[in-house]
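Worksheet: one structure, shown below.
A short reminder: the numbers here are calculations on the coordinates, not readings from a lab. Keep in mind that what you see is a predicted model, and the values were worked out from it rather than measured. With ideal geometry, Cβ positions are generated from the backbone for all residues, glycine too; neighbour counts draw on all protein chains shown.
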Amino acid sequence: MMDIDMILSMVSNPTRRRILEALVREPCYPLQLSKEIGVSQQAIMKNLDLLEKNGMVVSHQVTSSIGPMRAMYAPTSEFTLVIDMRNRMFVANIIEEEEGGVQEETPKTENLDSARQEISQIDREIEALERERSALVRKREQLIYSAMSKLGSDMTYGHRDLMYQLLNRPSEPMEDVIQDMDEGRGSIRKKLAEIDNAMRQ
């Protein structure tokens, strides 16, 4: 599993983002990247070293027709990074390609125009899915807000934090969520009972 903190750190730098953008198109030499991006080869190498150290790119030596062997760089993985920041909700997830998943047949294209039309249709379908996802995220956010609003002013930050953790990790067993909290079980159980009582009113 990829480390989300590492990925966020790597893509926070605009030069590294441009390097990755170039490498996903095709493997490149550092000199190629320097010319395309418009920064020094020293800066390119510094960022390539960081990307390789963190497992986002890999280099291999290739034979050159004009001199000694040279290092060529290519990306190592495919993933989607999703960040949702809403009222009472912050979630950052990495969606990685499943190993051994169903491999669809590569679509055939007759010419440039037909390829552009098919890609445009796919883009529209992706946009529709993203709008549907956004609506579901909004509904999730509203459910959390509705539940949290039932806690009265007599509830402490500890009550609100406990409820927030439980609502934002609904698929995990409650015991696992409680175990991760830095508080005694007796105190947490008491807060749970008080929260449950407030929700019933």
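Extension gain for Thr156 to Thr109 (0.36 nm times residue separation, less C-alpha to C-alpha distance): 10.8 nm.
For the options Ser120, Ser146, Ser59, a Gaussian network treatment of the chain with springs between C-alpha atoms closer than 10 Å singles out Ser120 as fluctuating the most. For Val58, the residues whose modelled amide H falls within less than 5 Å of its own, excluding neighbours fewer than 5 places apart on the same chain, are Ala74, Thr76. A straight chain from Ser149 to Ser64 at 0.36 nm per residue would run longer than the Cα-Cα distance by 24.0 nm.
Take the chain, mark every one of the GluC sites (Glu not before Pro) that falls in a DSSP loop and has at most 15 other Cβ within 10 Å, then report the longest stretch left between them, sites excluded. Answer from the scan: 1-77. In deg cm²/dmol, rounded to 500, what helix-only [θ] at 222 nm does the chain give when every DSSP H run of at least 4 residues adds -39500 (n - 2.57) and the total is split over its residues? My calculation for the chain gives -18000 deg cm²/dmol from helical runs alone. For Lys46, the aspartates and glutamates whose Cα falls under 18 Å of its own Cα, not counting residues fewer than eight places away in the same chain, are Glu21, Glu36. With a cut-off of 12 Å on the backbone N, the residues of the stretch 52-66 near the modelled label site 7 Å out from Ile94 along Cα-Cβ are 54-57. Looking at the stretch 106-156, the trypsin sites (Lys or Arg not before Pro) that sit in a DSSP loop and have at most 12 other Cβ atoms within 10 Å of their own Cβ are Lys108.
In the chain, the longest principal axis of the Cα atoms and the axis of helix 185-200 are about 80 degrees apart.
Look at [x] 207; [y] 136; [z] 122: the one that is volume of the Cα convex hull per residue in Å³ derived from this structure is [x].
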